[in-house]
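Scroll down for the structure; my scribbles are underneath it.
The values are calculated or read from the model by the stated rules, or taken from the named source; none is laboratory data. Just so you know, these numbers come straight off a predicted model, no measurement behind them. Here Cβ is always computed from backbone atoms with ideal geometry, including for glycine, and neighbour counts include all displayed protein chains. Just so you know, the surface numbers come from the protein's heavy atoms only, side chains and all, with ligands and any DNA or RNA stripped out. Shrake-Rupley method; radii C 1.70, N 1.55, O 1.52, S 1.80 Å.
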Amino acid sequence: MALVARCVETGVPTRVYSVSLGGFDTHAGERVWQEALLRQLDEALTGFVDRMARTEAGRRVTVLVYSEFGRRVRANASDGTDHGTAGPVFVLGHGVTGGCYGEQPSLTDLDDGDLKATMDFRDIFGTVLASVLQGDPDRYLGGYRAQLLPIVTAD
């Protein structure tokens, strides 16, 4: 995140950066690992967003945080959870309209043990493509027509 911050601050013309935090593929003793990983994620994002707020270029940055997989609701025999669906997505930045979008998924009304997604990730991704990158979501979403959301304001 520090390298991305330096690139933004020095005016590198790259429009999209990708940073990853591994280790979330836990299946045993999950509570300790998840707690530590989420703390690390929180500290990294807080520091980055605070740093970006100090410059004009930084205030144009939008951060999209997502997971490639969700987790099951019920714990497995190893006090962990297995791969599931319906993971959270976080959008951060100066131009982001705060709030919670979508409905809180039920922990009891499940789809074969998985949470039921209440929002399609492609709507969020399509919104960021259109609002932040001025791209055409239809070009990148394989025929899916994204419902654009009011999560990013125009500067």
What longest region of the chain stays clear of GluC sites (Glu not before Pro) that DSSP places outside H, G, I, E and B and that have at most 10 other Cβ atoms within 10 Å? 1-67
Taking the Cα centre of the chain as the origin and placing charges on Cβ (Lys, Arg +1; Asp, Glu -1), which of Ala53, Leu21, Ser106 is farthest toward the positive end of the dipole? Ala53
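Count the net charge of all other residues whose Cβ sits under 14 Å from the Cβ of Leu107, scoring Lys and Arg as +1 and Asp and Glu as -1.
Numbers: positive: Arg71, Arg72, Arg74, Lys116; negative: Glu103, Asp109, Asp111, Asp114.
Summing Lys/Arg as +1 and Asp/Glu as -1 gives 0.
So between Ser20 and Gln134, what do we pick up on full extension, going 0.36 nm a residue minus the alpha carbon distance? Intermediate results must be reported in sequence, preceding the final value.
Working: separation 114, 0.36 × 114 = 41.04 nm, distance 2.40 nm.
In short, 38.6 nm is gained.
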Within the accessible area of the stretch 62-152 (1.4 Å probe), percent carbon and sulfur: 49
Which of [x] 50, 35, 26; [y] 50, 36, 30; [z] 37, 31, 28 is the computed Cα extents along the principal axes in Å for the structure on display? [x]
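Which of the trypsin sites (Lys or Arg not before Pro) found in the stretch 87-143 are in a DSSP loop and have at most 15 neighbouring Cβ atoms, other than their own, within 10 Å? Please list the in-between numbers first.
Working: sites: Lys116, Arg122, Arg139; in loops: Lys116.
Of the trypsin sites (Lys or Arg not before Pro), the ones in loops of the stretch 87-143 whose Cβ has at most 15 other Cβ atoms within 10 Å are Lys116.
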Could you order His94, His27 by accessible surface area, starting with the largest, using a probe radius of 1.4 Å? His94, His27
Label zone at Glu56, where the point sits 7 Å out along the Cα-to-Cβ direction: the stretch 7-22 residues whose backbone N lies under 14 Å: 9-11
Using only helices, what value at 222 nm comes out for the chain when you add -39,500 (n - 2.57) per DSSP H run of length 4 or more and divide by the total residues, to the nearest 500 deg cm²/dmol? -9500 deg cm²/dmol
What whole number of Å gives the distance from the Cα centroid of the stretch 1-60 to the Cα centroid of the stretch 90-155? 19
